[in-house]
Amino acid sequence: MNRLVTAGRALRSAAAHEVPEALREVLCTHYAAETAELYLADYAAAVLLPVPAVPHGTAEPLPVHTGAPGRAYGAQEPYVEQLDGGRVRAHLPVTVRGDRLGVLSVTLPSRAADAGPLAELAEVARLLGHELVVAERDTDRYLQARRTDRLTLAAEMQWQLLPARSCAGDAYALGAQLEPAYAIHGDNFDWSASADHLMVYVTNGMGEGIEASLLTSLGINALRNARRAGIPIADQAALADQAIHAHYRGEAHLSVLLVDIELSTGRMQVVDAGSPRMLLLRDRVLTTVDLEAQLPLGMFEETDYVAQEFTLLPGDRLLFVSDGVHAVPGPGGEIYGERAMARAVTSAALLPAAEVPAAVLRELARHRGRPEPDDDALVVCLDWFGRHPASSSGSP
């Protein structure tokens with residue numbers, strides 16, 4: 001435990017851009033580590049990219065879905081790889097409240113990877129994750145390390161606007177992914193959890209490039225401003241609608257799906273203000289939730305919005321998709337509709353919520369017959385576990 005305290009103190013006292021080096025020194029000095037490499041998942045969640053050692057690193061990018069580090073990243077459990085000479089390499093997930101940042105790979109004597117020391121190293125990796133989130137406020141090093149290519153300016157703005165790509169609580173797990181990750185325009189997701197509620201927002205942006213990103217930024221910040229004032233979601237939509245119309249005078253609008261879930265009961269309020277769709281997987285059957293279509297935000301000077309009510313049951317999985325998913329044509333013109341979506345969701349049934357969006361987007365890429373989409377494509381997955389057995393059999 002003294003070693004763990006030492007590791008935590010070293011991480012907290014290190015300069016923001018030197019956190020990996022501070023940890024490496026602790027691991028070598030107190031854990032008999034030979035090497036320690038930090039890998040971060042890239043924006044497309046396709047590869048694990050090394051955070052280069054100072055001044056130059058030698059590690060190569062690693063696949064997210066295969067190999068020993070990929071197994072640790074996907075399973076979110078330590079994975080120990082046997083090496084020659086009585087050594088092992090322990091791959092440890094670096095995760096913060098369900099947000100999968102990457103993997104810490106440490107080469108050690110085999111005795112140092114027994115159950116007790118391995119559990120301690122896994123805790124060190126969790127401490128590292130928390131310190132990286134804090135350090136990103138003061139350095140670009142880790143944001144730069146996550147890139148396989150340069151982001152467009154619009155994409156840079158969108159990623160800075162986004163929350164984590166996944167998060168989890170006792171009653172739920174969330175995951176989301178956008179593509180093209182390095183050139184997104186206006187699609188967006190947002191969420192916020194409190195002791196009593198989970199709120200999720202899915203935005204289908206209008207337009208392209210900087211204009212799309214600016215419109216989405218205004219809408220998301222207007223919604224956050226209303227949410228942080230404690231206003232119900234129907235009124236959040238109305239206030240954001242007014243903010244967008246005041247600036248664009250009806251020449252631009254924003255499609256948003258707003259969801260508010262009461263954590264103790266699973267009761268859910270939904271405002272459908274545009275084109276994002278909500279699908280429910282219950283008892284292995286996928287259905288599109290029938291929502292009352294209301295006007296996108298910003299079309300008219302004052303619009304009233306009404307929330308619909310549903311009840312989630314433990315074991316439910318919700319998927320939210322933008323029109324860049326459900327309306328995408330294939331090479332022959334066939335639309336990626338509910339049947340194709342059902343196949344993709346069924347094939348991902350055993351995956352955790354954090355991995356489902358990327359899996360669905362891979363199936364979508366096969367449908368359209370080319371890797372890069374013509375429009376932003378956004379998938380958000382919500383797994384509902386519930387805090388108590390549902391007392392109501394109501395359903396979306």
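The values are calculated or read from the model by the stated rules, or taken from the named source; none is laboratory data. It should be emphasised that the depicted structure is a prediction, and the values quoted were computed from it without experimental measurement. Please note: Cβ atoms are built from the backbone with ideal geometry, for glycine as well, and neighbour counts cover all protein chains shown. With ligands, DNA and RNA removed, areas are computed over all heavy atoms of the protein, side chains included. Shrake-Rupley method; radii C 1.70, N 1.55, O 1.52, S 1.80 Å.
List of remarks:
- Inclusion of GLU251 among residues that are acidic (Asp, Glu), surrounded by fewer than 19 Cβ atoms within 10 Å (Cβ to Cβ) and touching a His at 6+ places or on another chain (Cβ under 8 Å) is not warranted.
- In segment 16-26, residue farthest from LEU121 (Cα to Cα) [restricted to those that are open to solvent by less than 40 Å² (accessible area, probe 1.4 Å) and within 29 Å of the chain's Cα centre (by Cα)]: ALA16
- All of (1) at pLDDT 95 or above; (2) open to solvent by 30 Å² or more (accessible area, probe 1.4 Å); (3) not charged (D, E, K, R) hold for ALA183 with one exception: (1).
- Of the residues SER275, SER264, SER213, SER217, the single one that is of a type in the set (S, T, N, Q), in contact (Cβ under 8 Å) with a residue 12 or more places away in the chain and in contact with a Ser or Thr (Cβ under 7 Å, 6 or more places away or on another chain) is SER275.
- Of LEU101, LEU127, LEU132, LEU118, all but one fail to be open to solvent by 20 Å² or more (accessible area, probe 1.4 Å), within 28 Å of VAL356 (Cα to Cα) and assigned to a helix (DSSP H, G or I); the exception is LEU127.
- Going through (1) surrounded by 21 or more Cβ atoms within 10 Å (Cβ to Cβ); (2) modelled with pLDDT under 95; (3) more than 25 Å from the chain's Cα centre (by Cα) one by one, ASP241 falls short only on (2).
The rows are residues; the columns are (1) on the phi > 0 side of the Ramachandran plot; (2) in contact with an Asp or Glu (Cβ under 9 Å, 6 or more places away or on another chain); (3) surrounded by fewer than 19 Cβ atoms within 10 Å (Cβ to Cβ).
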residue: ASP323; (1), (2), (3): no, yes, yes
residue: PRO331; (1), (2), (3): no, no, yes
residue: GLY337; (1), (2), (3): no, no, yes
residue: ALA344; (1), (2), (3): no, yes, no
residue: LEU350; (1), (2), (3): no, no, yes
residue: ALA354; (1), (2), (3): no, yes, no
residue: GLU363; (1), (2), (3): no, no, yes
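- Condition broken by GLU208, with the remaining ones in (1) touching a residue at least 60 places away in the same chain (Cβ under 8 Å); (2) in contact with a His (Cβ under 6 Å, 6 or more places away or on another chain) satisfied: (1)
- Unmet requirement for GLN76, which otherwise passes all of (1) closer than 17 Å to LEU127 by Cα; (2) without any contact (Cβ under 8 Å) to a residue 60 or more places away in the chain; (3) open to solvent by 40 Å² or more (accessible area, probe 1.4 Å): (2)
- Within segment 299-321, the only residue that satisfies the criterion of being in a strand (DSSP E or B), touching a Lys or Arg at 6+ places or on another chain (Cβ under 9 Å) and open to solvent by 30 Å² or more (accessible area, probe 1.4 Å) is GLU309.
- Qualifying residue in segment 53-70 (condition: in a loop (DSSP other than H, G, I, E, B), closer than 20 Å to GLU131 by Cα and open to solvent by 60 Å² or more (accessible area, probe 1.4 Å)): yes
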